[in-house]
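Reviewing the structure listed below.
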Amino acid sequence: MRSFIDEVVHDIAQKHYGFESLIVVLPSKRAGTFLRTALAKNTGKTFFSPEIFSIESFVEKISGLLFANNTQQLFTLYECYLEQPYERKDDFFAFSKWAQTLLQDFNEIDRYLVDANELFSNLAAIQEINHWSLQEEKTDLMVDYLKFWYSLDNLYSDFCTKLLHKGMGHQGLVYRKACEAIEGFVSTHANKHFVFVGFNALNTSESRIIQYILNSTKADIYWDVDEYFLDDDIHDAGLFIRQHFNSWSFFEQNSPKGISSNFLSKKHIEVIGIPKNISQAKYLGQLLRDLSKSQLQNLQNMAVVLGDETLMNPIINSIPDEVEGINITMGYPLSKTPMASVFDDLLDLYITRTEQGWFHLAIESFLAHPYVRILFDDEESDKVATALESIKKNNWAYLNSERLLALLESEMAPLLFSHKLYEPTTFIELCKRVVLALKEVLIKRHDHLGLEYLYRFFTLFNQLSGLVEENTFVKDLRSLQALYRELVNTESLDFQGEPLEGLQIMGMLESRNLDFETVILTSVNEGILPSGKSNNSFIPFDLKVRLGLPTYKEKDAVYTYHFYRLLQRAKNIYILYNTEPDVLEGGEPSRLIRQLLADDHFKGSIVEKIAAPIIVPQMKTPEMIEKDSHLISLIKEHSNRGFSPTSLSNYVRNPIDFYKRNLLGIDDVLEVEENIAANTFGTIVHDVLEELYTPFIGHFLEKDKMHEAKKKVTTLVNREFSKTFFGGDISRGKNFIAYNVIVRYIENFIDMEIKEIESHRIKILALEENLKVDLPIPELDFPVRLKGKLDRIDEHDGVLRIIDYKTGKVTQPQVEIVNWEELITDYKYSKAFQLLCYAIMYTGLQPINQLQAGIFSFKNLNSGILSFATKEASRSRTKDYIINNEVLDTFTFYLRKLIIEICSPQQPFVEKEIE
């Protein structure tokens, strides 16, 4: 394959130009690197290299101005904005959100040499029409809004003037000034021969500069386009070059150069649909592995072109070991490095800090960051882990500086968690000190990559420091964060490698003028290639059309050209697209794929595939745990300590839960309770009721004393909150609501009791009674015990009652039994099961012929006590509320059956599906 650049070099060499007198201009710097290599390879002699420029550096040379970077433009524009006569002015943070769009429009205006006065006059008129009102007198907001649009011309003029005073310009301004200076530049380079190589879409400035040089000097221009696209009047790949041929006077007497006829040559094309972006990266790795076996010797003639450059990281990680050398033309974005989030999170901490301190999740997230954690490294102890554990144990939802310093006990703690109110300048100094502290740690760890990150961030903070000192309007940390993010997003880490060797990985624009035998294109989806109708501009579509500014139509044609240009000389082409339409990741397959498939010249020669990962379905089988000797010993230990009604209910619900919780002791992960958990809620209710009713033990409830008890509810709830919800804040939010709910629950309960004792006699016998009884089971050769805590035992009109308090909702059917077998198989009846367990334990210690048992559900207090009952049939209205020896004997039979099942070595623990 002979590349376009090889053809250009061959043609130049045939004309016997003196290379030292050449000035070659290309669309990109990368194409210049390949041009130099082609010159050295094809000429076979020693010579002085010609001057080789990218179009941007060439324009910069003509104008005599430097390109201002985006941050310099942003600051200069804000200075000009503050000088405008607006009644209200945005702070820098708010301004930075919309200023980027304005900068882009200013750039377009100058690159296309549009009359700025005319454009801004039309734009203001359009905005006035759009926001026309029947009101005779406009509001202040309307007046300010229109004043902004009418003053854009002044803002633009002041902005350009300020930049020019500094010897700089935004890209468009540099282009406009280059057009004005082109005549003088050409006259001082009269002995030079200009060669323009591989251009396509040109803005008005570029077009005028190139045309002037072609018409007034010794100059050539080579077009990288196939005649197939030129001959087709409606093909977008040749749109701009056809326009140049038809409108430039140079071509009235000169024939075009560089036009080839390679597109219709024999090609192997595969169009592969793959679900989701990461799958594309994985498929690409497999494809490279397969290709490398047959084409390893031609790796430098292979390129991976990323339609979506955000895929660079997963693609790099998917490259197989068989591909030994790669060259990445794109830099790695600094914002994607793990260190970027350290300083962003640190800024967030001080921006979001409240009077109470920092919210625990922010602190936990920050301390968990690997680069923060190593700052607190200690050979003797893991200070961060200890601190995080303390935060959870003490239930600290908010942490202030003093508390964090006490927890971490490190010289780094005062640096990171200060009580100071930082200004932007002092915060930058803080970040520099953090960088230096990290440097010491990373040097000890020999972390060379981390040190490379660190160097770039140190440079960035020095840059930030200069910008903030020069520009006093960055007054707060939020503005500093906006500026930090702006800089981080524009900076990148450059990969080091041999630019001409190995597999080339590049973006679409970097592929200009470069040819490869094998091309793999990724993310060829609508909305990515081409990018679609994104209109990030203040200038309306029809005004752009009238003034000759580019719209999405022209941008689509640019991408069409790049797509087809890559295919011109390639022999093996693999086009990958995402089959899953997604708003964020592109839509359906690109129109460029549809167009290629519809081309009659390629009918039957394009292979279409849908690739998907091999998915081996795994049938979910219930977890099964066989009972070995160790597990049996755990069961015996648990049996000796005592089965509680809750542990037995856990087994009924799911034997695996019983195994993990009750035998292995694996509890839920300890977390900070930002809001009161259900178990904490229940503990507080139980403890307050115990405190209120303790004076009544052995006595009948009396109305007056119950009213006195009610007055103590608020005080007792406060006290129990401070004990149980340790460190929690109940003064606001959901906790404040929960606090009031508990107070209301208990007051309503006492009111219900007062109403009850008006017609009944209730005597409190015991509260929170701890019980443990032996349960003889002849089939087992070890002791079995039941244990539990009874919330309340009382007499109601002489009838003994066992009462359980539930803060959740319980209904009457949950404590009624028809089929006894369901007690030990269906968790729905766990409440009835627990009541009967309590009855077994109580009568085991104090034999009694009959009693009743019931539940007070605080979410269902209107139903009163929900008494245990047995029924003949589920629909039967006849219920027996008495628990006598017959009932206890029946339950004991099923309880023994359940415990034998738990303890049996032959019966494994089998997982149940939980509804």
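Key figures for this structure:
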{"quantity": "Test item: Cα-centred dipole of the chain, Lys/Arg +1 and Asp/Glu -1 on Cβ, debye", "calculated": "620 debye"}
{"quantity": "Cross-link reach list, aspartates and glutamates versus Lys710, counting only Cα pairs under 17 Å and skipping chain neighbours closer than eight places", "calculated": "Asp687, Glu690, Glu691, Glu702, Glu720, Glu747, Asp751, Glu753, Glu756, Glu758"}
{"quantity": "Potential extension, Asn718-Asn849 segment - 0.36 nm per residue separation minus Cα distance", "calculated": "43.0 nm"}
{"quantity": "Cβ-based exposure ranking for Asp115, Asp704, Asp377, in which fewest neighbours within 10 Å come first", "calculated": "Asp704, Asp115, Asp377"}
{"quantity": "Trp358 long-range amide H proximity, modeled H, under 5 Å", "calculated": "Leu399, Asn400"}
{"quantity": "Net charge, Ser21 excluded, C-beta distance under 15 Å - Lys, Arg +1, Asp, Glu -1", "calculated": "0"}
{"quantity": "Flagged links, alpha-carbon separation over 31 Å, of Lys393/Lys806; Lys41/Lys61; Lys636/Lys879; Lys41/Lys571; Lys660/Lys828; Lys723/Lys897", "calculated": "Lys636/Lys879; Lys723/Lys897"}
{"quantity": "Label-zone membership for segment 86-107, site Asp144, 7 angstrom Cα→C-beta point, backbone N under 12 Å", "calculated": "86-91"}
{"quantity": "Approximate spin-label separation Arg546-Arg88, in nm, with each point projected 7 Å along Cα-to-Cβ", "calculated": "3.0 nm"}
{"quantity": "Length added when fully stretched, His165-Glu626, from 0.36 nm per residue minus Cα-Cα", "calculated": "157.7 nm"}
{"quantity": "Long-range amide H partners of Val524 with built H, under 5 Å", "calculated": "Leu576, Tyr577, Asn578"}
{"quantity": "Under 15 Å from the Cα of Lys192 - aspartates and glutamates, other chains or at least 8 residues apart", "calculated": "Glu20, Glu51, Glu183, Asp220"}
{"quantity": "Segment 603-611 - phi-based ³J(HN,Hα) in whole Hz, Karplus 6.51/-1.76/1.60, Gly and Pro as x", "calculated": "4, x, 10, 9, 8, 9, 9, 10, 9"}
{"quantity": "Exposure proxy order (Cβ contacts within 10 Å, fewest to most) of Ser511, Ser318, Ser261", "calculated": "Ser261, Ser318, Ser511"}
{"quantity": "Calculated FRET efficiency for the pair Ser531/Lys439, C-beta based, R₀ 41 Å, to 0.05", "calculated": "0.50"}
{"quantity": "Inter-label distance, nm, simple model (7 Å from Cα along the C-beta direction), Asn394/Asn117", "calculated": "7.0 nm"}
{"quantity": "Hz values of 3J(HN,Hα) by residue in segment 861-867 - Karplus curve (6.51, -1.76, 1.60), Gly and Pro given as x", "calculated": "5, 4, 7, x, 6, 9, 8"}
{"quantity": "Of the DSSP H helices in the chain, those whose Cα atoms cover at least 30 Å axially and whose Kyte score averages 0.5 or more", "calculated": "424-445"}
{"quantity": "Estimated FRET transfer efficiency when R0 is 51 angstrom, pair Asp667-Arg761 (beta carbons, to 0.05)", "calculated": "0.75"}
{"quantity": "Segment 69-165, relative contact order in percent, only Cα pairs under 8 angstrom and at least six apart counted", "calculated": "45 percent"}
{"quantity": "Computed FRET value (nearest 0.05) for Tyr455 with Asp231, which takes r as the C-beta separation and R₀ as 60 Å", "calculated": "0.65"}
{"quantity": "Under-5 Å amide H pairs with Ser492, H placed in peptide plane, nonlocal only", "calculated": "Leu334"}
{"quantity": "Those lysines that a straight Cα-Cα span of less than 23 Å connects to Lys703, excepting residues fewer than 8 apart in one chain", "calculated": "Lys711, Lys712, Lys755, Lys763"}
{"quantity": "Which labelled figure in (i) 38; (ii) 22; (iii) 11 is percent of Cα pairs over 57 Å apart, once derived from the coordinates", "calculated": "(i)"}
{"quantity": "Least to most buried among Leu503, Leu102 (fewest other Cβ within 10 Å first)", "calculated": "Leu102, Leu503"}
{"quantity": "Global geometry of segment 69-165, whether rounded, prolate or oblate, following the gyration tensor of its Cα atoms and the 1.5 cut on a/c", "calculated": "oblate"}
{"quantity": "Shape of segment 404-549, Cα gyration tensor, a/c cut at 1.5", "calculated": "oblate"}
{"quantity": "Relative contact order of segment 336-493, defined on C-alpha pairs under 8 angstrom at six or more residues apart (%)", "calculated": "25 percent"}
{"quantity": "Three-way shape label, segment 336-493, alpha-carbon gyration tensor, a/c 1.5", "calculated": "oblate"}
{"quantity": "Normalised contact order of the chain, rounded percent, pairs of Cα under 8 Å and 6 or more residues apart", "calculated": "13 percent"}
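Read-outs: derived from the displayed coordinates by stated rules, not from any lab. Worth saying up front: this structure is predicted, and the values here are computed from it rather than measured. Glycine gets a Cβ as well: all are built from the backbone with ideal geometry, and neighbour counts include every protein chain shown.
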